[in-house]
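Here's the structure we're looking at; comments come further down.
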Amino acid sequence: MIECIFTIDYEIFGNGQGSLKELVYDPAEKLAAIFRKWNARFVVFAEVAELDMMEANAADPGINLVKQQLRHFSADGFELGLHIHPWWYNSRYEKGKWLLDRSEYNLCALPRHRIVEVVDRSINYLRYVLDSPDFTPFSFRAGHLLFEPSHTLVTVLAERGLKVDSSIYKGGLWHQHKLDYRPALKNGYFWRFTENVNFPDAQGVLLELPIYTRMVPTWKMFTFKRVGMQRDSSSAVQTGKKVHNRLKDFLRFRYPLKFDLGQMTMKELTRMTNAVILEDMRNPSTFRPIVAIGHTKDLIDSDKIESILAFLNDKGICVTQFADVYRRCKDQV
């Protein structure tokens with residue numbers, strides 16, 4: 001059986017550029033209207049560190065719209081997950097620009113006391129926005145999908161009641177940040193873990209539902225967006241260094257193509273889904289939850305979203321959320 005979980009990273013650009021209304025509120029409104037039309041919902045991974053800091057610094061008038069939207073989403077059945085870019089929390093807002101703390105780029109690499117501070121502040125901000133002191137997000141996604149070394153952060157999240165992580169993409173490799181998700185290629189569609197997100201542990205404290213990937217010839221990844229040359233505030237030299245470093249990660253025969261609503265064409269989305277359908281036909285007893293990722297900051301084609309939802313409906317594939325999938329997964333791992 002196949003089920004599809006659509007996740008949307010609810011955020012502006014990671015360098016601090018862009019307005020909340022243009023890059024978060026407006027795109028999320030359009031997406032939500034399409035999903036409601038199909039009686040479906042997506043998981044909203046609200047990047048709370050940037051929202052918290054923008055409100056604290058009165059940096060963007062769109063913050064009130066965003067807070068209102070999150071409350072409406074929660075009331076309307078959209079699952080709100082926890083998404084943290086930790087480099088925001090030591091940032092400064094000067095002369096209309098953000099100076100971000102890149103020394104805290106990877107939350108997993110910080111000392112435990114700092115991880116606790118960041119996670120607790122983020123959860124408390126969501127509780128404040130929702131006016132719900134008992135709210136606990138069900139799922140987590142790491143900033144820039146950096147979830148190694150995972151053990152300390154995993155235990156902190158589990159202690160606070162989170163159940164699911166969806167940070168990793170099987171086969172991923174990022175030398176600069178010592179990220180290596182290639183061992184996870186041996187795993188199934190989901191698994192429990194504690195010590196290392198790559199390695200299943202039947203007694204693990206979190207359930208991993210990875211962003212769905214398929215390994216493809218590396219040359220298929222060389223498009224403008226996938227190499228990493230999105231709009232950036234960096235200088236030309238810095239951008240060149242960034243791209244050069246990323247190209248080292250592509251020096252292999254096959255590379256993971258993410259199930260990405262913003263970067264994939266409709267043809268690619270249906271081809272990837274059809275491959276899962278064929279696997280399901282051969283072995284229908286296996287539960288196959290597939291996680292798609294998107295970003296409000298990306299230009300997501302409304303017609304494409306309509307088309308993929310129609311395609312899934314035609315194929316009898318349910319669109320669901322992590323809480324529902326968790327109940328079906330927990331007895332199978």
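The values are calculated or read from the model by the stated rules, or taken from the named source; none is laboratory data. All figures in this text were calculated on a predicted structure; none of them were measured in a lab. Please note: Cβ atoms are built from the backbone with ideal geometry, for glycine as well, and neighbour counts cover all protein chains shown.
Things to note:
- If you go through segment 227-270 and keep only what is at pLDDT 60 or above, exposed (fewer than 13 other Cβ atoms within 10 Å of the Cβ) and in a helix (DSSP H, G or I), you end up with Leu247, Lys248, Lys267.
- Of all the listed residues (Glu208, Glu159, Glu195, Glu148), the sole one being touching a His at 6+ places or on another chain (Cβ under 7 Å) and farther than 20 Å from Glu11 by Cβ is Glu195.
- Per-region count, segment 283-292, residues over 18 Å from Asn187 (Cβ atoms) and at pLDDT 95 or above: 1
- Yes/no for Tyr169 being over 30 Å from Arg71 (Cα atoms), touching a Ser or Thr at 6+ places or on another chain (Cβ under 9 Å) and modelled with pLDDT of 95 or more: no
- Looking across segment 194-226, the residues that are at pLDDT below 95, not in a loop (DSSP other than H, G, I, E, B) and not hydrophobic (A, V, I, L, M, F, W, C) come down to Arg214, Pro217, Thr218, Lys220.
- Breaking point among (1) under 24 Å from Leu153 (Cβ atoms); (2) modelled with pLDDT of 95 or more; (3) not basic (Lys, Arg), for Gly14: (2)
- Picking from residues in segment 138-152 that are in a helix (DSSP H, G or I) and under 16 Å from the mean Cα position of the chain (by Cα), the one that is surrounded by the most Cβ atoms within 10 Å (Cβ to Cβ) is Gly143.
- Selection from segment 26-54 of residues that are in contact with a helix residue (DSSP H, G or I) (Cβ under 6 Å, 6 or more places away or on another chain) and either among the polar types (S, T, N, Q) or free of Cβ contacts under 8 Å to residues at least 60 places away in the same chain (or both): Val44, Glu50, Met53, Met54
- Once segment 62-84 is narrowed to residues that are aliphatic (A, V, I, L, M) and surrounded by fewer than 19 Cβ atoms within 10 Å (Cβ to Cβ), the residue that is nearest to Val319 (Cα to Cα) is Ala75.
- Residues of segment 41-50 include at least one that is more than 22 Å from Val118 (Cα to Cα) and modelled with pLDDT of 95 or more.
- Residue selected from segment 1-56 under the condition surrounded by fewer than 20 Cβ atoms within 10 Å (Cβ to Cβ) and among the acidic types (Asp, Glu), by the criterion farthest from Val325 (Cα to Cα): Glu55
- Residue count for segment 179-201, restricted to those that are more than 19 Å from the chain's Cα centre (by Cα) and closer than 19 Å to Leu110 by Cβ: 2
- Every residue from segment 77-116 that is acidic (Asp, Glu) and in contact (Cβ under 8 Å) with a residue 12 or more places away in the chain: Glu79, Asp101, Glu104
Table: residues versus (1) under 19 Å from Val44 (Cβ atoms); (2) of a type in the set (Ser, Thr, Tyr).
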site	(1), (2)
His83	yes, no
Leu100	no, no
Glu104	no, no
Arg114	no, no
Ser122	yes, yes
Ser132	yes, yes
Arg141	yes, no
Leu146	no, no
Arg160	yes, no
